[in-house]
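Before any comments, here is the structure.
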Amino acid sequence: MIDSANQNARANILGSIRAHLGSSRSGGTPPALNNIRATASENGSSEQTGSKIEVFKAQLEAVNGHCLIAQTELEIVHALTRIMTHLKQTELDPKRVAVSDARGLERLVRLIAVQLDEVTVSPSASDLFSFDVGITTAQAAIAETGTLVLDSSRERHRLISLVPPVHIAIIDAANIYSTLGETLALLHKDGNVSPIVSFVTGPSRTADIELTLAIGVHGPQELYVIVNEGQPLALV
Amino acid sequence: MNHLTAETFDENAKAALTDTHLRGALRNATSLFGERRRAAAASLNNWEDLRTQARAIKDETLSHLDEYLMQFVGNAESRGVQFHWAENAAAANEIICGITAKSGAITVVKSKSMTTEETHLNDALENTGVKVVETDLGEYIIQLAHETPSHIIAPAIHKTKAQIAELFTSELGSEPTEDIAELTRTARETLRDRFAAADVGISGVNFGIAETGTILIVENEGNIRLTTSLPRIHIAVMGIEKVIPRFADVDVFLKLLPRSGTGQRLTAYQSFITGVKSHPDDEGPDEVHVVVLDNGRSRMLAHPVTRQSLACIRCGACLNACPVYQQIGGHAYGSVYPGPIGAVITPQLMGLEKAAKLPYASSLCGACREVCPVKIDIPQLLLHLRGEITQGATETVSQPARRQAEKLAFRIWAKVMTNPKLYELTTRLSRSLQWIVVRDGKIRDKPTTQMFSALAAWTSGRDLRPLETTSFRERWKTELSRGEEQ
């Protein structure tokens, strides 16, 4: 019965669309717009002329994110250690650390030279609320906007990247793309899109009170990105 | 005090104009948003091309809306999304209340959605005994205060931090503080428990991508990601016009929307949701429902002028640019959608008779058209709607005599203005007779006399100076002859 009501409503809405479009609809199949699509890249200002990594770093820092660059696996561990050491001196003391199931990630986190109370891979959603830091990788990044691209069908990081007050992400330098358009094409290259893809540009923010910027409302308050210029993490 | 209606727009606006605090807040907000928008648009070298493209994409979609909508629905359905069709607000609320009731939900978390504001979903859900929690900070503040949004993207723009601090202290029992970071933290902590407890998350939709069946939602706070990731059930509510054809079209709209709305290159988060999760163990909700709402939208397709209204991507740029909105704010419009876009959408959604004053809440300066990222010609729409309103008014019996008089007056005026002799005669005559309607040095009729009711109506909001004792022509003649004498 509910189904038939739904069917009726659907028929009525589509009928109303067709009736109101009437004769004014342009006939036949929709025209291809590809020919009018301009390439909408950012202006060639000085910050855009550097390497993709430099541009990414500059853009990320412009939105209150932090960017560290590592040449080797050891440097990634050093970077993680530096971040944790810094956090220890703040109110964001990293006692409980959640790690995603990305290949090779847990091993690196276990090498951090800072005393952590707990390191757990993929804690449950309800547990996650009491974690202090979430560490994940990112599947891609967009240089021109300083954006991380998280494809949660390839890594269990939908919540680890979101719930704890600190998010640390490692991105392989080879997966940084110059433009938004390029990245969108990549996400859609086999005609399908993963069930959940999240773009992350800086920490969570709001300006809802007197238009004053406040960082860290519902998502992370701190976002650290480690760019891995060495061998891709999954291959280590 | 904030639940104003569009019917009382004139009174609402007058009251808003006396609220010095509100006007200060509006001045700050609209000028800041305006500056940021200009700077962000300038960071692209082809802003105008992008606007043209975005509009072309929207026009293409709207002229084939049934096809693109069905393509979107088909692709999302094949990925496990359940679709529900709602012809009006009541039907949408009934559907959503049905899903929540069936799930046994006690708490519902919501992320900002203008569409659910339009249907007054919260009231409907609360009536079924469900607790609804708005999670966008601005929406949460106004929910606690039992108010309505006053701006599309900054709903609590009208409230000061002192008012918010007071509200948090009385409603949440938090320590009194006017520190904005502290207030934000209080909201975060309180809402975390709600997120953890919620069975259903309700969101809006920014774009429905036909080619892939993807829902795209744009935000800064992270509450949309939580709303769509944590609860067992996600319900997304979308107007029929939210469809865009191709995945690649996202490029254009993601460049325009954040820049026009908040002046950002990109907002902090974009969620691309394509169907339900592929494995039961994956993160995310078990069920994804999409409610497709018409509620008067399909009617707007009928005319090319009104059809443009459906191209709106709800960025709020026209509000910030509008000299009327800048003075009176969002509440005065008495509608979910305020500002220039509200003045054209509201009468079309609610009916002209309920919002007949809104299309006149504009000086037709065109600032809204200048900033619109999808090039909606709002002044053209306003004039179109004014035309429909006057047309409608002549058909009703209320003031046929006055309409006739007005028509006659304009016919006479045209005659006089095209005949120099007649013009001179008329001005002479007017000059000697204008004392009848001149009060305090201005032409106006006292409400007590109402000798010329049409004139009284016209001058009630305008200052009209009386004619000078000598005309320009006369002065020209006398001054010229005086010059020759010397």
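Here is how the numbers come out for the structure above:
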{"quantity": "Residue within the stretch B:302-319 that is at the interface with chain A (Cβ under 7 Å from one of its Cβ atoms) and farther than 30 Å from B:Leu385 by Cα present", "calculated": "no"}
{"quantity": "Residue satisfying condition, being in contact with a Leu (Cβ under 7 Å, 6 or more places away or on another chain) and at the interface with chain A (Cβ under 10 Å from one of its Cβ atoms), within set B:Thr135, B:Thr160", "calculated": "B:Thr135"}
{"quantity": "Filter pass, B:Pro304 being crowded, with 22+ Cβ neighbours inside 10 Å and either free of Cβ contacts under 8 Å to residues at least 24 places away in the same chain or farther than 30 Å from A:Ile215 by Cα (or both)", "calculated": "no"}
{"quantity": "Residues that are open to solvent by 100 Å² or more (accessible area, probe 1.4 Å) and over 19 Å from B:Ala457 (Cα atoms), drawn from the stretch B:418-443", "calculated": "B:Thr418, B:Lys421, B:Leu425, B:Arg428, B:Leu429"}
{"quantity": "Every residue from the stretch A:156-202 that is open to solvent by less than 10 Å² (accessible area, probe 1.4 Å), more than 7 Å from chain B (Cβ to nearest Cβ) and over 13 Å from the mean Cα position of the chain (by Cα)", "calculated": "A:Val163, A:Pro164, A:Val166"}
{"quantity": "Single residue of the stretch B:357-366 satisfying the filter (within 17 Å of B:Lys14 (Cβ to Cβ) and aliphatic (A, V, I, L, M)) that is surrounded by the fewest Cβ atoms within 10 Å (Cβ to Cβ)", "calculated": "B:Ala361"}
{"quantity": "Residues satisfying the stated conditions in the stretch B:258-282, i.e. within 30 Å of B:Ile95 (Cα to Cα) and at pLDDT 95 or above", "calculated": "B:Tyr269, B:Gln270, B:Ser271, B:Phe272, B:Ile273, B:Thr274, B:Gly275, B:Val276"}
{"quantity": "Filter result for B:Asp179 (free of Cβ contacts under 8 Å to residues at least 40 places away in the same chain, among the acidic types (Asp, Glu), open to solvent by 20 Å² or more (accessible area, probe 1.4 Å) and over 17 Å from B:Tyr140 (Cα atoms))", "calculated": "yes"}
{"quantity": "Of all residues making up the stretch A:126-155, the number that are outside any strand (DSSP E or B) and within 9 Å of another protein chain (Cβ to nearest Cβ)", "calculated": "7"}
{"quantity": "Subset of the stretch B:246-299 that is polar (S, T, N, Q) and more than 9 Å from every other protein chain (Cβ to nearest Cβ) - its residue that is farthest from A:His157 (Cα to Cα)", "calculated": "B:Asn295"}
{"quantity": "Inter-residue pairs, beta-carbon under 6 Å, first under 23 Å from B:Asp294 (Cα atoms) and in the stretch B:240-255, second among the basic types (Lys, Arg) and open to solvent by less than 10 Å² (accessible area, probe 1.4 Å), 6+ apart", "calculated": "B:Ile240/B:Arg297; B:Glu241/B:Arg297"}
{"quantity": "Complete set of residues in the stretch B:155-213 that are within 30 Å of A:Asn192 (Cα to Cα) and among the aromatic types (Phe, Trp, Tyr)", "calculated": "B:Phe207"}
{"quantity": "Total residues in the stretch B:79-90, condition open to solvent by less than 30 Å² (accessible area, probe 1.4 Å), within 12 Å of chain A (Cβ to nearest Cβ) and part of a helix (DSSP H, G or I)", "calculated": "0"}
{"quantity": "Any hit, the stretch B:54-72, residues being of a type outside the set (Ser, Thr, Tyr), in a helix (DSSP H, G or I) and away from chain A (no Cβ under 12 Å)", "calculated": "yes"}
{"quantity": "Test: residue in the stretch B:103-122 that is open to solvent by 40 Å² or more (accessible area, probe 1.4 Å), in a helix (DSSP H, G or I) and either more than 18 Å from B:Tyr337 (Cα to Cα) or at pLDDT 95 or above (or both)", "calculated": "no"}
{"quantity": "Search result, residues across the stretch B:249-307 that are more than 26 Å from the chain's Cα centre (by Cα) and among the hydrophobic types (A, V, I, L, M, F, W, C)", "calculated": "B:Ile273, B:Val276, B:Val288"}
{"quantity": "Residue match in the stretch B:164-173 (condition: open to solvent by 60 Å² or more (accessible area, probe 1.4 Å) and closer than 18 Å to B:Lys110 by Cβ)", "calculated": "yes"}
{"quantity": "Scan of the stretch B:13-43 for residues that are more than 30 Å from A:Thr145 (Cα to Cα), within 14 Å of chain A (Cβ to nearest Cβ) and surrounded by 15 or more Cβ atoms within 10 Å (Cβ to Cβ), ordered by number", "calculated": "B:Leu22, B:Ala25"}
{"quantity": "The stretch A:150-168, residues that are over 25 Å from B:Pro280 (Cβ atoms) and among the hydrophobic types (A, V, I, L, M, F, W, C)", "calculated": "A:Val166, A:Ile168"}
{"quantity": "Single unsatisfied condition, A:Gly65 versus (1) away from chain B (no Cβ under 11 Å); (2) within 22 Å of the chain's Cα centre (by Cα); (3) more than 30 Å from B:Thr52 (Cα to Cα); (4) at pLDDT 95 or above", "calculated": "(1)"}
{"quantity": "Checking B:Thr100 against (1) over 20 Å from B:Asn295 (Cα atoms); (2) assigned to a helix (DSSP H, G or I); (3) open to solvent by 10 Å² or more (accessible area, probe 1.4 Å), the condition it does not meet", "calculated": "(3)"}
{"quantity": "Conditions (1) out of contact with any Pro (no Cβ under 9 Å at 6 or more places or on another chain); (2) buried (at least 17 other Cβ atoms within 10 Å of the Cβ): number failed by A:Ser126", "calculated": "(2)"}
{"quantity": "Qualifying residue in the stretch B:328-340 (condition: surrounded by fewer than 20 Cβ atoms within 10 Å (Cβ to Cβ) and either under 30 Å from B:Ala401 (Cα atoms) or in contact (Cβ under 8 Å) with a residue 60 or more places away in the chain (or both))", "calculated": "no"}
{"quantity": "Total residues in the stretch A:51-67, condition open to solvent by less than 20 Å² (accessible area, probe 1.4 Å), hydrophobic (A, V, I, L, M, F, W, C) and outside any helix (DSSP H, G or I)", "calculated": "1"}
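The values are calculated or read from the model by the stated rules, or taken from the named source; none is laboratory data. Remember, predicted model here, so these are calculated numbers, not experimental data. Heads up, the Cβs are rebuilt from the backbone with ideal geometry, glycines too, and the neighbour counts pull from every protein chain shown. The protein model used for the area step is the full one, side chains on, heavy atoms only, and it has no ligands, DNA or RNA in it. Shrake-Rupley method; radii C 1.70, N 1.55, O 1.52, S 1.80 Å.
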